[in-house]
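The values are calculated or read from the model by the stated rules, or taken from the named source; none is laboratory data. All values reported here derive from a predicted model rather than from experimental measurement. When we count neighbours, we look across all protein chains shown, and the Cβ atoms used for this are built from the backbone with ideal geometry, even at glycine. We work out accessible area using only protein heavy atoms, side chains counted, and drop any ligands, DNA or RNA first. Shrake-Rupley method; radii C 1.70, N 1.55, O 1.52, S 1.80 Å.
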Amino acid sequence: MKKFFQEIKADVKFKSAGPGQKLTESVGEKGPKEKPSKPALWQPRQGPTDEAQMAAAAALARLEQKQPRARGPTSQESIRSQVRKELQAEATVSGSPEAPGTNPVPKPKEEGSTHLAVPGVYFTCPLTGAILRKDQRDACIREAILSHFSTDPVAASIMKIHTFNKDRDRVKLGVDTIARYLDNIHLHPEEEKYRKIKLQNKVFQERINCLEGTHEFFEAIGFQKVLLPIPDQEGPEEFYVLSEAALAQPQSLEQHKEQLLRAEPVRATLARQRLVFQPSPLASHFDLPADFFSLTAEELKREQRLRSEAVERLSVLRTKAMREREEQREMRKYTYTLLRVRFPDGCLLQGTFYARERVAALYAFVREALLIDWLPFELLALGGQKLLEDENLAFNECGLVPSALLTFSWDAAVLADIRAAGAQPDSSVLKPELLSAIKKL
């Protein structure tokens, strides 16, 4: 059997060796030529199948796993250096200085756009009622206070002391010193020394003379500048001396003193810019002007400091207290917020607020617009979060910055009474004068 298989193998090998050659033929002679076959047509190469691609990807992944990985930096300084390089690379690519981990401020719309929710942030002068832009506030208030001297010089000088001087500690020290002068006159009306104030006195110079408006106040309440001789001194010195007419009215001096102590700086109030809109699917869409995002010089320095701290924050572990402080900084990023309240009939009430104002301010704003303002109601944020009127939370603490949409809802008991009376709970609840000026969003 073994010999049989060997013969078969030899026969197959002999046949596969090709045509034979006679021993008498020369090496250069060739055998009979075969008929040339037609050249095969070229066919495009087909790409690998899906299975082949998956197999190749798996093989590459196994190779990468076997290769040793480069170890990252281990020391704190090298970690910080690496993070700084990554931050700089990202800033170069994106063209923005925002550090990773911070919430980027949305790009505000141009004020020339016709789709802005409000034209800007405006203020009301409490003395004249004029509507002012942010950059007009100080100049308008100063002009209004100075013009008030012609009608009430005492009130004007008090407003000037508290408003023109920005250092509140220095103002308090000066006001308390003036009050002490007036108390001495009130308690000792017969003693002449208390009715005179030496202008070159060290206390007067350090606490009173440095404040704007103090000289106008002394002159408005009855003091007069007089040159008086000084014993053992060649030349006279200047004093404030209380006139006899003012001394005869001690109650007026006491009232002026209380008015000075109770006064506050005159500040422009934020204009709510109340608007009422028709029901709209764009209720939660806000296009805010640049005023809601523009930063003062102090705010710019604060943002720069926060970006620098982001580098450190990425390289160290943060405790719970550190995370809470970071959240507080994020909440202080915005100064203003635009809020809308949607009523049961779909109408929208819009107003501008400070981001640090309390929820009670929004409740008062809504109540002023209601036809029946004494019925209890609720305000709900997105997600059904109920905002309580007596809750001492600011808008930025509730996440309602720089804009938010809230929902108006009657109190459960009021809603039951409305349905029991056969009335529609989704009927209009706003004052007619507001609905007459309704706008399209």
Problem - Under the Karplus curve 6.51 cos²θ - 1.76 cosθ + 1.60, θ = phi - 60°, whole-Hz ³J(HN,Hα) for the range 132-140, x wherever Gly or Pro sits - result: 10, 7, 4, 7, 9, 4, 4, 5, 5
Completion exercise
In the range 360-430 the accessible area split gives carbon plus sulfur, as whole percent at 1.4 Å, a share of 54
Exercise for the section: Show the residues, 5+ positions off or on another chain, whose built amide H is closer than 5 Å to the amide H of Glu378. Expected result: Ser409, Trp410, Asp411
Problem - Alpha-carbon centroid distance for the pair the range 139-213 / the range 368-441, whole angstrom - result: 47
Problem - Entries of Lys202/Lys225; Lys172/Lys257; Lys166/Lys196; Lys172/Lys202; Lys386/Lys439; Lys196/Lys225 with Cα pairs more than 20 Å apart - result: Lys166/Lys196; Lys386/Lys439
Practice task
Determine the sum of side-chain charges near Asp152: Lys and Arg each +1, Asp and Glu each -1, restricted to other residues whose C-beta is under 14 angstrom from that of Asp152.
Solution key: -1
Completion exercise
Between Ala130 and residues 5 or more places away or on another chain, the pairs with built amide H atoms under 5 Å apart involve Cys125
Handout entry: Per residue solvent-accessible surface (Å²) - the range 126-165, probe of 1.4 Å
Key = 51
Exercise for the section: Treating each Cα of the range 236-293 as an identical point scatterer and ignoring solvent, apply the Debye formula and state log10 I(q)/I(0) at q = 0.21, 0.22, 0.25 Å⁻¹. Expected result: -1.03, -1.06, -1.13
Exercise for the section: Calculate the dipole size of the range 330-441 relative to its Cα centre from +1 charges on Lys and Arg beta carbons and -1 charges on Asp and Glu beta carbons; express the result in debye to the nearest 20. Expected result: 460
Fill in the blank from the handout: Once phi for every residue in the range 334-350 is put through the Karplus expression 6.51 cos²θ - 1.76 cosθ + 1.60 (θ = phi - 60°), the whole-Hz ³J(HN,Hα) values, with Gly and Pro written as x, are 9, 9, 10, 9, 10, 10, 10, 10, 9, 9, x, 7, x, 5, 10, 10, 10
Problem - Kirkwood-based shape ratio for the range 335-423, expressed as Rg/Rh from alpha carbons - result: 0.98
